[in-house]
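Take a look at the structure set out below.
The values are calculated or read from the model by the stated rules, or taken from the named source; none is laboratory data. All of these numbers come straight from a predicted model, not from anything done at the bench. We place every Cβ from the backbone using ideal geometry, glycine too, and count neighbours over all the protein chains shown. Heads up: the accessible areas ignore ligands, DNA and RNA and are worked out on the full protein's heavy atoms, side chains in. Shrake-Rupley method; radii C 1.70, N 1.55, O 1.52, S 1.80 Å.
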Amino acid sequence: MRLQIPWMHAFLLLAISLPYFVNLGTSSLWDASEAFYAETPREMLASGDYVAPHFNFAPRVQKPPLAYWIIALSYQLFGIGEFAVRLPGALAGIGVILFTYGIARLLYSPRAALMAAAMTATTARIFILARRLPIDIFLLFFLIGTLFFLVHAIRLQKTHWWIAAYFFAALGFLTKGPVAVIIPAVAVIAWAFIGRRLKAADFRFLPGAAVFAAVVLPWYLLVYYRHGWTYIAPFFLRDNLGRFASEDFGPSRGLLYYFGVGISDFFPWSILALCACGVLWRCRKTEHPFRSLEYGLPILWCAFTFLLFSLSKNKQEYYIAPIYPVAAALMAGVLDKMIERQTAKSGTAPRTFQQAPLSWCFWGLGLQALLLSVFSLSTFYIFRFFMPEIAPLYHNIASLVLVAGCGAFVWSIARRRLAPSLIILTALLWIMYLMCVTVYLPGLERYRPVKGLCRLIEAQRDADAEAGYFRTAVPSMAFYLRRPIFEESNAIEMRRRLRSGKRVFCILSRKSYDSLISDSPDGIYILARQPRFSMRMDAFLNTRYAQEEELLLISNRPAELIGSAGDRATS
């Protein structure tokens, strides 16, 4: 498998990137996170204030402004809409793939670079972030870019590579704060200390600090001049320190939470990653991989990122996403050596990792094949449950393609061919991702009704009416209605709002609606009801749960232009 021709590398990189760009504007905004990064830059354009971010026309102090600026620029180029929201994230996702390719090529070989890029492109968490959560894919782009330039700087000790690393770290800081500096700084300093490779002067601290300050300080000084500590203190004290040290700002999970998350989000590559770790551990005494730049720096990067967020009181599954591209590069480097061992002619096999048995890789591939085969055989039922309106032909085709791909995968494993097995696995995952964005993602739109419900509100042509949601976070209402919305969680206050005499539109779940009308259903009208998509296991196993999650549009007045859509609420 010698793919040394540059245009072939370019073609393969373009091909594996294709699913990231298909149907970007087809589906409506995902609540809740994507809505914040769609509406805030829209309000920047509307107000002309690019310094102080606002959401729902109130200060949004949780994050620095770079992600909003990037999307605002996309709005200027392509117009305000879902496509313009998602295009920068897709481009950042491709940037992550390319930087991972570059890191693996610098550390290992062109073949390892292609494998690392393919693994990164077919990692579920990275794919999801690129298509629905702009700020985290931007942060990932700047983090992996920082590592790419750090590897160059360490190898060549040229000042301009260090400057590029500091510049990317500064952009990451302006995207999501200190984590963009902490991860690369600790990883590199720890590696330099363990390997005794770099002196303090080698890090170019003074020119790097000057570049960092030139990128980061202007916004902080300007926002402080205009608004004092309003946008600074809450971000550092509450959104960073508070989330790390307190359980009050988000879900708290156990210390071992990220073990399960890493295995599932990096699946199926997580299984091979465990095998690669076993290979490195087995050969630690002869190869000394933990002190080398090729293996030591990626290992420390992944280990510190995992430890940092495991110790955090607030845990989100996507926090450890910076591990996956680096783990892909590391794993590609190990697999490249194993492939070289297997394909080398007798007497010319490389001595690298000679003590690691190839059988470990095939056991890992065999486990992947088993799990993927089970999933492939169950896809018809899964797709039919979540998307019953899609023609059965599409379900059958998907199942047949996946079963055939798993069959080819098993056949290559049985022949003990490592390189063909990895190619088939990558192709199978690529087909799955492409089918998801071309067939199944558009099919889910009927289960994401907020955009349609907002159109019904606009159809009433009542500019003075209040609109918002009750105990059901759908902040995309602000984006689709282009006006302030209320966010209510108190039932007493919600009833008072409905009885205020002003026309009110409210989106809520069936369960929240039942609790709201338990005392007095009079004067509340259901204007529309729509099923809502949920990937929770409760919805898969419990029909009643799915009914409770149905979204309703209610009002304190009957519909005027919807015709028969409105009906009087009953208890």
Going through segment 140-165 in order, the residues found to be touching a Pro at 6+ places or on another chain (Cβ under 8 Å), under 18 Å from Ala213 (Cα atoms) and not β-branched (Val, Ile, Thr) are Leu143, Trp162, Ala165
Checking Ala214, Ala180 in turn, the sole residue that is small (Gly, Ala, Ser), open to solvent by 20 Å² or more (accessible area, probe 1.4 Å) and within 24 Å of Tyr68 (Cβ to Cβ) turns out to be Ala214
Given the conditions (1) at pLDDT below 95; (2) open to solvent by less than 40 Å² (accessible area, probe 1.4 Å), every one holds for Trp301 apart from (1)
Filter pass, Phe486 being of a type outside the set (Ser, Thr, Tyr), in contact with a Cys (Cβ under 7 Å, 6 or more places away or on another chain), more than 30 Å from Asn23 (Cα to Cα) and at pLDDT 90 or above:
no
The residue that is farthest from the chain's Cα centre (by Cα), considering only those in segment 1-38 that are of a type in the set (Gly, Ala, Ser) and open to solvent by 30 Å² or more (accessible area, probe 1.4 Å), is Ala10
Taking first residues from segment 294-320 that are in contact (Cβ under 8 Å) with a residue 40 or more places away in the chain and in a helix (DSSP H, G or I) and second residues anywhere that are open to solvent by 10 Å² or more (accessible area, probe 1.4 Å) and hydroxyl-bearing (Ser, Thr, Tyr), the pairs with Cβ under 6 Å that are 6 or more apart or on different chains are Phe309/Tyr319
Exercise. Within segment 201-210, identify whether any single residue is of a type in the set (A, V, I, L, M, F, W, C), under 29 Å from Gln62 (Cα atoms), in contact with a Phe, Trp or Tyr (Cβ under 9 Å, 6 or more places away or on another chain) and surrounded by 19 or more Cβ atoms within 10 Å (Cβ to Cβ), and answer yes or no.
Key: no
Restricting attention to segment 282-298, the residues that are open to solvent by 50 Å² or more (accessible area, probe 1.4 Å) and modelled with pLDDT under 80 number exactly 8
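Matching residues to (1) modelled with pLDDT under 85; (2) under 18 Å from Ile154 (Cα atoms); (3) not charged (D, E, K, R):
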{"site": "Val186", "(1), (2), (3)": "no, yes, yes"}
{"site": "Ile232", "(1), (2), (3)": "no, no, yes"}
{"site": "Phe235", "(1), (2), (3)": "yes, no, yes"}
{"site": "Phe249", "(1), (2), (3)": "yes, no, yes"}
For Pro41, the lone unmet condition from (1) of a type outside the set (S, T, N, Q); (2) in contact (Cβ under 8 Å) with a residue 12 or more places away in the chain; (3) open to solvent by 10 Å² or more (accessible area, probe 1.4 Å); (4) not in a loop (DSSP other than H, G, I, E, B) is (3)
Scanning segment 489-513 for residues that are assigned to a helix (DSSP H, G or I) and without any contact (Cβ under 8 Å) to a residue 12 or more places away in the chain gives Ile492, Glu493, Arg496
Please verify whether segment 528-546 includes one or more residues that are surrounded by 17 or more Cβ atoms within 10 Å (Cβ to Cβ), at pLDDT below 90, touching a Phe, Trp or Tyr at 6+ places or on another chain (Cβ under 7 Å) and among the small types (Gly, Ala, Ser).
yes
Quiz prompt | Ala276 among the aliphatic types (A, V, I, L, M), over 25 Å from Ala303 (Cβ atoms) and either surrounded by fewer than 15 Cβ atoms within 10 Å (Cβ to Cβ) or modelled with pLDDT of 80 or more (or both) | solution = no
Within segment 468-489, the residues that are of a type outside the set (Phe, Trp, Tyr), within 20 Å of Ile517 (Cβ to Cβ) and open to solvent by less than 70 Å² (accessible area, probe 1.4 Å) are Gly468, Thr472, Val474, Glu488
Picked from segment 253-266 (must be over 11 Å from Glu317 (Cα atoms) and open to solvent by less than 60 Å² (accessible area, probe 1.4 Å)), the residue modelled with the highest pLDDT is Phe266
